[in-house]
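Visitor: Quick one: the structure is below, questions incoming.
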Amino acid sequence: VRVAIDDAGAGYASFQHVLELGADIIKLDISLTHDIHCKPRKLALAKALCAFASSVGCSIIAEGIESSEDLEVLRALGVDKAQGYHLSHPLPIHEAIPMRQLPGN
């Protein structure tokens with residue numbers, strides 16, 4: 001069984017979950033990732049979450065990626081996977097499976 005924490009960065013409760021549940025995956029909320037390229041506070045928080053994830057051996061998924069600028073910032077932070085309209089609109093599973101890697105990786 002793998003544990004994932006959804007909506008990290010959206011509030012205090014999700015930080016408690018990150019600390020207490022020993023998650024395998026942390027999913028960054030759109031409220032944190034949207035416009036991260038021009039919001040220094042969002043960038044600082046995402047950077048801290050990515051460093052935490054790296055130090056405890058879990059993966060990071062970023063949701064709500066709607067621009068190439070946000071994608072590049074998150075890629076530089078070491079985000080493992082991303083989702084959002086910049087990458088693709090929702091697809092049937094048979095079309096989505098081949099798209100599991102971030103573009104450029």
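Visitor: Can you list residues whose amide H is under 5 Å from Lys39's amide H, if they're 5+ apart or on another chain and H is modeled 1.01 Å from N?
Guide: Here nothing satisfies the definition.
Visitor: For a quick check: sort Leu87, Leu74, Leu21 by the number of other beta carbons within 10 angstrom, fewest at the front.
Guide: Ascending Cβ contact count within 10 Å gives the list Leu21, Leu87, Leu74.
Visitor: Using only the alpha carbons of the chain, what is the convex hull's orientation-averaged projected area in square nanometres?
Guide: Mean projected area for the chain: 6.8 nm², to one decimal.
Visitor: Starting from the 7 Å offset along Cα-to-Cβ, what nm value, one decimal, do you get for the label separation of Ser55 and Leu21?
Guide: 2.1 nm
Visitor: For Ala82, enumerate residues with amide H under 5 Å from its amide H, sequence gap 5+ or separate chain, H modeled in the peptide plane.
Guide: So Ala82 has HN proximity to Ala62.
Visitor: Moving to a separate point now. Could you work out how far apart the two model spin labels at Val3 and Glu95 are, taking each label as a point 7 Å from the Cα in the direction of the beta carbon, and quote it in nm?
Guide: Label-label distance for Val3 and Glu95, simple model: 3.6 nm.
Visitor: How about segment 1-63: which trypsin sites (Lys or Arg not before Pro) there are in a DSSP loop, with at most 15 other Cβ atoms within 10 Å of their Cβ?
Guide: Within segment 1-63, the qualifying trypsin sites (Lys or Arg not before Pro) (loop, at most 15 other Cβ atoms within 10 Å) are Arg2.
Visitor: Another one. Between the DSSP loop rule and a limit of at most 16 other Cβ atoms within 10 Å, which GluC sites (Glu not before Pro) in segment 31-105 are left?
Guide: Taking segment 31-105 and a limit of 16 other Cβ atoms within 10 Å, the loop GluC sites (Glu not before Pro) found are Glu66.
Visitor: Under the Karplus relation 6.51 cos²θ - 1.76 cosθ + 1.60, θ = phi - 60°, what is the ordered set of whole-Hz ³J(HN,Hα) values for segment 64-71, x standing for Gly and Pro?
Guide: Taking θ as phi minus 60°, the curve returns x, 6, 10, 8, 5, 5, 5, 4 Hz for segment 64-71.
Visitor: Mind giving me the nanometre distance, one decimal, between the label points for Lys39 and Ser88, set 7 Å out from Cα along Cα→Cβ?
Guide: 2.6 nm
Visitor: Order of Val3, Val18 from fewest to most other C-beta atoms within 10 Å?
Guide: Final ranking by Cβ density, sparse to dense: Val3, Val18.
Each reported figure results from applying straightforward, stated rules to the coordinates on display, with no laboratory input. The structure presented is a predicted model; accordingly, all values stated were derived computationally and were not measured. Methodologically, a virtual Cβ is constructed for each residue, glycine included, from the backbone with ideal geometry; neighbour enumeration extends over all protein chains shown.
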